[in-house]
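*Asks:* I'd like to ask some things about the structure below.
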Amino acid sequence: MTFNKLKTLHLGVNLNCSKETSIVFCILKNCPSLTYLEIFCEHLEEDGTSLSTSDEFWNDQRNFSFSSFDNLKEFDITNVHGSKSELRFIKYILGKAPLLEVSNIKIDWKTIAFGEETTMVFFNEMEKKMMM
């Protein structure tokens, strides 16, 4: 089923869970007219350990030949913790949206230790993760 008339989509998802992220990709590939996408990052832990979307999953996403983001003009993502999966998702969307005009990435600073040195380490780690 394709949602050709859908222009705006708001989703809450745990991007560290491959099942949830797969559902998001299934929805997105069927929304070719999307101009605004908002993602709220959910964070769940199992037994005190953070879940993670596998490298294999992200390699599969690179093999998608479609670009359902040809009309995307605005992308907002909130409650970002800086996980590898979140950063890969952001990189994927930004790389597949040729008409993107505005992107707001809102980090949940409550989960990140403050201090100039810590903040620099955080951003350096984010940059490294996005390069992968």
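What follows is calculated from the coordinates using simple rules that are stated; it is not laboratory data. Everything quoted here is computed from the prediction, not taken from an experiment. Because the Cβ atoms are built from the backbone with ideal geometry, glycine has one as well, and the counts that use them run over all protein chains shown.
*Asks:* Taking the number of other C-beta atoms within 10 Å as the exposure measure, put Thr21, Thr35, Thr8 in order starting with the fewest.
*Replies:* Least to most surrounded, the residues fall as Thr8, Thr35, Thr21.
*Asks:* List the residues, sorted by chain then number, that are 5 or more residues from Ile39 or on another chain and whose placed amide H is less than 5 Å from its amide H.
*Replies:* Here the answer is Leu11, Asp76, Ile77, Thr78, since their amide H atoms fall under 5 Å of that of Ile39.
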